[in-house]
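Just so it is clear, none of the values below were taken in a lab; they were calculated from the coordinates. The model shown is predicted, which means the values in this text are computed figures rather than measured ones. Counting neighbours? That spans all protein chains shown, and the Cβs are built from the backbone with ideal geometry, glycine included.
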Amino acid sequence: MASKTNESTVATGHAVSRRTGLTASIVDVGYRTKDVLTYSSAYLVFIAMIEVLTVHAVLSLPVNPAPVVVGLVTFSVYAGDRIADASSDEPASPERSAFVTRHRTLLSVLTAIAYGVAIAVSITGGPLALAITLLPGAFWILYASDWLPTLGAYFKRLKEVLIVNSAIVAGAWAIAVVGLPMAFADASLTPLAGVLFGYFFLDTFVNTEIPNVRDVDVDEALGVSTMPVVFGIRRTRRILYALDLLLVAFVCLALFSGVLSVTFAVAILAGLAYALALAWFVGRSDAHGRLAIAGEAKHLVVFALILVLSAGI
Amino acid sequence: MLLPTTTVVLLLYASVAIGVTAAVLAWRRRPNPGTGPLVWLLVGQSWWSTCILFTLSADAVGEQLLWTKLGWIGVMIVPVAWVLFALEYTGRDERITRRSVVALSVVPALTVLLALTAPSHDLLYVRVIDRAGDGLVLIEQGGVWYVVAAVYTYLLGVVGIIPIVGVLSSRAAAFRGQSTALVVGIVTPWATNVLYNLGILPSAGIDPTPIAFAVSGVAYLSAIDRFRMFGANPAPTLRAREFLFDHIHEGAIVVDENGTIVDINETAAAVLGLDVDRALGTPAAELLPTDGAFRTDGGDDDFLIVGSDSTSRSYDVTVTGITDRHGRTLGHVFTLHEVTQYLRQQQRLTVLNRVLRHNIRTETNIIYGYADRIGGRNADTIKRHTTNIVDLSEKGRDAIELFEDAMDGDRTQSLRELLDACLDDVRERFPNVSFRTEYPEADPPVSDVFGVVVGNLLENAAAHNEGETPRVVVTAEVDDGRLRVRVADDGPGIDEYELGVLESGTETPLRHGSGIGLWLVKWGTEILDGSVSFERNEPTGTVVTVTAPVAGSDGIRPDVP
C-alpha cells in the first residue's frame, strides 16, 4: 500500500504519502507499545504503583521508595511468571506467548535486574522492608515454580491448589502494597492499615480469578484447580459477586465504625461498584484480556477519586 | 586509599543488586549443573553485604552487633556453596552426597553458632572497639575460631578453584570464558578478604570483602550471559569419558610406568575374571600374562585365549603408550577386542574352501566321466550342467579367497600384470569376443582383490554378449592416487532387477539375483574401500566403472570384519 502511494508523481502526493506514512508509523509504534505493556505485564507495574500511592494517601504516609520497589517486584514476578509459563500459555494467549518467547532473554535479564534493584532499594527501608520485598519472590517460588514438587510426591505447585493459588497471590500483594510503604515510613500497624489489607487482599483475589475464566480449558488440561475449573463459569461469577459484596459490607463496616474516613470509603465503594459491573461480564464477554486489564484498572478509578475528593474537601 | 563511607555503602548496595540479579538468572537455569549451589553462593554473598548495610544503618549498638553476627551466615554459606558449585559444574557431582554436604557444613555451622553466642565465650568474639564521631561503630572480630573459619574458608576456595582451573585449558572457547569469569569471581573477594585480614587493605572498619562481591557478581553474570554458562556446560564431558571407559564393549586396562594396574573397566575385569577393587593397585605381572599378550612392547601376534574348548573366547590385545606433553611415557593402555567370532568364521571359510575346491570338483569329475561313458543327448545335458556346477563352485571359492585376502593382508601386483592376467583368461574362454584395452602410462601396484573384481566384470561383459561381433573395451586411469577401471560392452545390458537386488545389499528367497559374479564385484570394491557404478552404454550394453585407491595410498587396507 505504501509503495502505491509513493508511485504518485505530484508533489502533494508526496506530502500525503509522508503524512500517511507518519500516521502509520505512529499507529504502529502505538500498537507495539501496547503489546510491550500488556504482554510483558509492564502495565501492572503502573497499577501496582498506584495501589501503593493509594495506601500512602489513605494512611497519610510520607513519600518513600515503596511504590518504586513494588513496581519493580511486580514487573519481575509477573513477567518472570510469563517466561516460565510461555509454552503452557500458548493455547489461551498465543500472541502473548509468542511475544514472551521472542524476547525471552531480554525479559529474563530485565526481570532479574528489576528484582536485584528492588532488593537493594528495599534495604534502605530496613529489615522489615527487605522481608516484605522478598515475600512476593518467595511466594512465587512456592506458587508457580517447579521447586516445590521436587521436594516430594506430596508437594505440588501451589498454583494448582484451589483457593490457595489465588489466596497466596492476594496475600503476597496485599502485604507488599500495604506493608512496604509502612515499613519504609516506620509506621505502626493501625486498624486502618488492617482495613486496607483486607480490601487489597479480597480485591486482588477477585482480580486473580477473572483471567482464570479465559484460561479454564488450559488450566483444566494442566491440572490447575481454579474456581472456573472446579465450579464452572456461572458459579464463579456468582462467587465473585459475593466477594465484591462482602468487600462492600467490609468497607461500610469500617466506615461506620470510624476506622475509614468518608472520602476514602466513597472512593473505594465507587471502585467496588465498578468491579461489580465488570463481574457481570465474566464469562459473557470474549474480550478476556480487556476484562482482566479493566479489573486491574479499578485501582486507577479509586486513586483518581481519592485525589478529586481530597482536593474538593 | 581509604574509601569514603558513602562510596562503600553505594558499592555494598551495588553488590546486593548484582548478586540478586545473578541469583535470579541462575535460579531460572535450574536444573543445569551448578545452578543450585551458585544461587546459594550469590544469596550468601548478598546476605553478607546486606548485614553490613544493616550494621551501618542501625542506631543501637546491640542491633549493630546482631547484624554483624547474622552476617556470618552469609560468610560461611559462600565457601561451601563454591565447592559444591565447582564440583557440580565440572561434572564431579558424584562426590556431592548428603554426607559430604553435612561434613562440609560442620565448620560453617559451628562458626555461625559461635558468632551468635559470642558474648559467652572468646572463641569467636564480636565486640565494639571504638565509636567514630559520625556515629560509626568500629566492630572487631577475632579469636581462635576466627582463624579456623578463615583458614577453612580459604581452603574451600582453593579446593573449588582446582576443578575450575582444569576447564581453563578446555578446547571450547565458551568453557574457557566461563572458567576465567568464575576464577575472577571467586579470587577477587578472597584476595580482598586476605588483604583485609592481614591489615594490608585500609578500610573504614568495614570488611570490604562483600564490596568485592560486586566484581564477583559481574563476573558470574558474564559467565551466565556472555559465555552461556548454563547453555553450554562442561559437566557431561568428564562423565562421558568415564562412561565410555566403563561401558565400552572393549576391555581396557591402564597400567602405569611401574607396572601397576591403575584402572580397569568392567569388561576387562569380566573377561579376565578379576575383581576390580582387588585388581586396582596390584602389579600387572601378578594378574596378567605380561610376558605374552600383555607385553608393553606390543608382544607377539598371538591372540589371548580365555577359557577352554568350545567355551573359549579369543581376544586381540592392543597396547597404546600414554605420554605426557614432553613425550615421557606415563603408562600403557591395553585394549581387549574380542575376535572369537572372526576366528570361527575364518575356520568355516577354510572348510568351505576345501569343500568347494576339492570335494565338488572330485564328485563332478565322476559324474562327468560316467556321462561320457553313456553318450547321447541326455549325457551332453548332464555334462553341461555338471560344468555349470564346477563354475559355480569356482565362483564360491573366489568369494572365499576374496574374504581371506581381506583377512590375511593385502597382496599386490602391478596394474598392467593384473589386467593382462584377467584378459588372458577371458580371451581364452570367450574367443569370439573382441577385447580392446587402454592402459595408463603409470603402472601402480594394486590389490589382488582387484583381480577378482575386474575378472568378474570381464566375464560378465563377455558371457552374456550374444551379438555377432561382441566387443568389450577396458579403460584404466590413475588419478590422484585412485585407480578407475571402466569396462564397457555392447551386449544386452544388465537387468534392472539384478542391479536393484545388488543395490539393496541383500537377497531373500523371493528376491535374488541370478548368479554370484556381480556380488563378487560389489564385495571386492567394498573391501578395497572403493565404489562401483553401472550405466547404460549407447546404443546397447553396460558401462561398469570401478574406482578404488591404488595400493600404498591412504585407504587401501585389508578390511577385517
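Of note:
- Rough spin-label spacing in nm, given labels placed 7 Å along Cα→Cβ, for A:V262 and A:I141: 4.9
- Straight-distance candidates among the aspartates and glutamates for linking to B:K383, with alpha-carbon spacing under 16 Å and chain neighbours fewer than 8 residues away dropped: B:E363, B:D372, B:D391.
- Rounded to the nearest 10 degrees, the angle from helix B:173-197 to the longest Cα principal axis of chain B is 20 degrees.
- Efficiency of FRET between B:D479 and B:A150 - r from beta-carbon atoms, R0 60 angstrom, step 0.05: 0.25
- Spin-label model distance (nm) - A:R32 vs A:L300, 7 Å beyond Cα toward Cβ: 2.3
- Counted charge near A:T74, where neighbours are those whose Cβ lies closer than 14 Å (Asp, Glu -1; Lys, Arg +1): -2
- Translational diffusion coefficient of the protein assembly as shown (Stokes-Einstein, Kirkwood radius from Cα pairs, 4 °C, 1.567 mPa s): 36 µm²/s.
- Coarse-grained scattering of the range B:409-561 at q = 0.14 Å⁻¹, given as base-10 log I(q)/I(0) from a Debye sum over alpha-carbon atoms: -0.67
- C-alpha long axis of helix B:235-247 to longest principal axis of chain B, angle in °: 40
- Long-range Cα-Cα pairs in the range B:5-234 (distance over 24 Å), rounded percent: 43
- The equivalent ellipsoid of chain B has semi-axes of 82, 28, 19 Å, largest first, where each one is the square root of 5 times an eigenvalue of the Cα gyration tensor.
- Separation in nanometres of the label points that stand 7 Å from Cα toward Cβ, at B:S414 and A:V109: 7.1
- Using the Karplus relation 6.51 cos²θ - 1.76 cosθ + 1.60 with θ = phi - 60°, the per-residue 3J(HN,Hα) values for the range A:236-247 come to 4, 4, 5, 5, 5, 4, 4, 5, 5, 5, 4, 5 Hz, with x marking Gly and Pro.
- Convex hull per residue volume in Å³, alpha carbons only, for the range B:445-494: 78
- The range B:469-488 and the range B:207-286 have Cα centres lying 54 Å from one another.
- Computed magnitude of the charge dipole of the range B:248-338 (debye, nearest 20; Cβ of K, R +1, Cβ of D, E -1): 220
- Placing R0 at 51 angstrom, the Cβ-Cβ distance between A:T124 and B:A240 gives a FRET efficiency of 0.55 after rounding to 0.05.
- Estimated FRET transfer efficiency (B:N537, B:L352; beta-carbon r; R0 45 Å; 0.05): 0.80
- Note: chain A, Cα convex hull, 176 Å³ per residue.
- Additional length obtainable on full extension of the chain from A:C252 to A:D186, 0.36 nm per residue less Cα span: 20.9 nm
- Distances between every pair of Cα atoms in the range B:1-86, grouped in 10 Å steps from 0 to the bin holding the largest one, split as 19, 41, 29, 10, 1 percent.
- Square roots of five times the Cα gyration tensor eigenvalues for the range B:243-402, Å: 55, 15, 12
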